[in-house]
1. Among the residues of region 218-237, which ones are assigned to a strand (DSSP E or B) and under 21 Å from residue 345 (Cα atoms)?
2. Checking the conditions here, which among 439, 470 is under 30 Å from residue 782 (Cβ atoms), surrounded by 17 or more Cβ atoms within 10 Å (Cβ to Cβ), touching a residue at least 24 places away in the same chain (Cβ under 8 Å) and in contact with a strand residue (DSSP E or B) (Cβ under 9 Å, 6 or more places away or on another chain)?
3. Does residue 59 satisfy the condition of being within 25 Å of residue 142 (Cβ to Cβ), touching a residue at least 12 places away in the same chain (Cβ under 8 Å) and touching a helix residue (DSSP H, G or I) at 6+ places or on another chain (Cβ under 6 Å)?
4. Residue by residue through region 672-702, note down the ones that are over 36 Å from the mean Cα position of the chain (by Cα) and not in a helix (DSSP H, G or I).
5. Checking the condition more than 27 Å from residue 860 (Cα to Cα) and either in a helix (DSSP H, G or I) or in contact (Cβ under 8 Å) with a residue 40 or more places away in the chain (or both), which residue from 543, 548, 531 passes?
6. Looking at region 417-436, which of its residues are in contact with a strand residue (DSSP E or B) (Cβ under 6 Å, 6 or more places away or on another chain) and surrounded by fewer than 18 Cβ atoms within 10 Å (Cβ to Cβ)?
7. For the structure I just gave you, tell me whether residue 185 is assigned by TED's automatic domain parsing to the domain that holds residue 37, crowded, with 17+ Cβ neighbours inside 10 Å and part of a strand (DSSP E or B).
């Protein structure tokens, strides 16, 4: 829906509400002319409710108690001012701030708690809207019902411990204490009191009905349904049925106000009383809700989708909540005659009038399980939220279909505004679990080492009498069940039971844990957790350790002790605290063997006049002189706090620049005056600070660059002759994201080994010679949201090993924890080794980090062991001066490696997650399995030779084979592409040109007949060569496949394969986009499966942002609708084969320029679980 349509909906809603209120107000004034009302509360009364508008003057509701002071809730209309920057950001205009008065916007309610208000917005809370929508709403401000005319529904729900306050159908906190005995309402001028009612109907202990009419705007005219509207029971479930004001989920939209610069997401920082008609949003008491029961119907419009998502979370003030703490349960509803899915009951039909026609639709009762077990921290340990601050409550809402993740990893689960939803909701009830279940950790994050006995406590608290069963399952990293059990409980109301799940018999490693609570066959709560068993801490390194990390910057563990314990157990010794509360110095952190390691750049110029500024020469000199004194003081202060810091950053996120053409022997790029000025300012600051370090702190190692991939920044400084004597290392902070660590393809922010290679080449090209490289305090960003926890752990460790191979002094491990705000869903936030605070559950990456820091404790990097295969990586280290450690891995799949020592020797094999095996060679040799997760071999002898001896087959899904690729006559080689001239580029250092290839039939010992494609172009040109083969007759694929597949016998060349297909409209699609995760790269030997997604329905782990997939396919051919129309036909295959193969730190000649192919086809895995 466009902004204009959304705005029309907003304004229409409020204008309608205003008219209804005015009509209602007349009757109200006649009944309560004195604007006062009082009610004595009886001993059997369960709730007290009233409806009123406060008019232009303040009002109040006074609650009296028998033996306690009165509680006065005060109501007044608020008309705040808002500031809007009217500058056009696209035109880079300077800020132009204008103030707007938001008359009569909301009702402020104070008195329940000291120091804050409940804000009930009649006119929308503009802080939740982007600038365009703000301005349009302001234009129509007076057309929207004002707060003084808004009829507030005010309810006290009484219980033995006090009362809950509900406003307009939303929970707004509680008051613990004695039972109220009376309520008095007193309104000022223009106020009107409608009703003041006591009810003695007992509320359900198990269910929480929510009144849809407070949110719904869809009137189902002359609706006829099997149930009478109002408070009734349906299938034993209490529910408030509303047909006059049903909730139309077609009106639920995402309001896009998001700022990564401000680390703020207004949409996920909403309050349910923000007056946003685009949301179907409630606040409810914090409970472990087991189910949402939804009474709903489905439009007959075939252009709309009958589906919705029930969401429970707790939104975070200002910053928004992470998707890791948003629990969604989705359902697709059937139309008439379609099969009912689990959890859906057909209750008959509903008929109503629409545009003069009688419409009949199915009436469903949908029971969706809610995943509150995954947010027990929000239930029992609430954080700061938009409405009730730190008081316990949860946000519950219903949206339509969720959109695919946004570019740059923004996985925030917003509604998809492009999908029209056909569901209307008439009733909604949440079902509480009769028993609360909470896991009680015995160690932070369930992380155990040394003599700590692994186990997890479970506490059950009965809300009513209940017989229930507890079941637990423990899975290892490979999904194998290594521990399970169950226990029955019979609990009386208020009873507590504690139980311990033992884990002492488990080996070191990472474990996924599921704890379920059921009543009979009915699942109540499932809590997913994780644990790490790390074994004995045998590390010897202290402050000299290269392993360092940083704390999270948003909603991080709040105390130095928590962060230090987590780092200590992982073997991380260097810390960069990111927030003031954690800046306590080594005096505190050294208790856990944690130390400073690197002096940040940002602290040196914070709150200081820019030394590169000044209008006159005298002012410039003065600023520099002041800066020199202050910078030296700040460095001394930092070293006083962190005396172990041994390095400092020169620049950090200080700018960028284009890829340096000097790397291709080109001329320096022309710069704008603005860019020249920025470079000059950076140069001045960099030299100023470096000179201070050299003269006053010569022991500090200077790391220059630290700006993403750093190439542009460093090139700019080197062009200005930045003094070489001020450079101890070139620094980078490139993210990596979903780029495979060993890929030879460079893109911005590369984060792969090729970036380090380019940095070293740049130093050589610019005349600085061989310069070391290093990492800054912010480094890789391998994200759980992009990669999943398994691939993240593997790539994290491979990044660290590559850093060793390049001689880094700082081995920058993953962030300690994930960010807990919306920042989690950016390209930075889910890179932590532990999940959000306060859960702190370990990811596999945490255990892998702990394993590496222990196995590679006090090591010296020796060499990259030479191999015949270009995609087997073996690094040799010397440990404690007496033994060798070999870290080895593959970029994908698995293979057996032979290690030859020349004589028999005792060995210890350590898996990526710490599992140890004592081994011994036979005849001086041993064969070990290598995979994409690094593992380690410890020996007293140096290895003589390592070779790849056997491939482990991939798990290949069943797919439709369009062509077996066993007959060369089915194919033709296309003429060499003369448009490819060998031009060099960042993605192809040696350039790309059209090549001469030969296609032939061969008999493979494993696959039988297959096709071989061999490069025949002369080998004296290092440029990669492209060749294409095409089916003589394209083959149609049945159904709607989402993945193209091909079996390839590789040559470890990192060749790039491209697929080509034709859709039903004759459009030609080729998979030519940049393949960050290397799905199409031949980074293997032997037979393996290459595959690539056609669309975002593909479920296999391709690690591509869903909304990017379409851009990976280039389109050509006949004019069409620019989208894939089925059926499709497979057309052909292209290969870009390099002559020079990148192998971690160097390029090597390709020895076997040939690939073999089998079984070209496609499949659909969208229904896979």
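The values are calculated or read from the model by the stated rules, or taken from the named source; none is laboratory data. Quick caveat, the model's predicted, so the values are computed rather than measured. With ideal geometry, Cβ positions are generated from the backbone for all residues, glycine too; neighbour counts draw on all protein chains shown.
1. Of the residues in region 218-237, the ones assigned to a strand (DSSP E or B) are 218, 221-224, 230-234, 237.
Within region 218-237, 223, 224, 230, 231, 232, 233, 234, 237 qualify.
2. Details: 470 fails: under 30 Å from residue 782 (Cβ atoms).
After applying the criteria, what remains is 439.
3. Working: within 25 Å of residue 142 (Cβ to Cβ): yes; touching a residue at least 12 places away in the same chain (Cβ under 8 Å): yes; touching a helix residue (DSSP H, G or I) at 6+ places or on another chain (Cβ under 6 Å): no.
Answer is no for this residue.
4. Of everything in region 672-702, those that are over 36 Å from the mean Cα position of the chain (by Cα) and not in a helix (DSSP H, G or I) turn out to be 672, 697, 698, 699, 700.
5. Values: 543 fails: more than 27 Å from residue 860 (Cα to Cα); 548 fails: more than 27 Å from residue 860 (Cα to Cα).
It is 531.
6. 419
7. For residue 185, the condition - assigned by TED's automatic domain parsing to the domain that holds residue 37, crowded, with 17+ Cβ neighbours inside 10 Å and part of a strand (DSSP E or B) - is met.
Every residue, every condition in (1) touching a residue at least 24 places away in the same chain (Cβ under 8 Å); (2) surrounded by fewer than 20 Cβ atoms within 10 Å (Cβ to Cβ); (3) outside the structural domain of residue 257 (by TED's automatic domain parsing), yes or no:
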residue: 79; (1), (2), (3): yes, yes, yes
residue: 108; (1), (2), (3): yes, yes, yes
residue: 111; (1), (2), (3): yes, yes, yes
residue: 139; (1), (2), (3): no, yes, yes
residue: 145; (1), (2), (3): yes, no, yes
residue: 150; (1), (2), (3): yes, no, yes
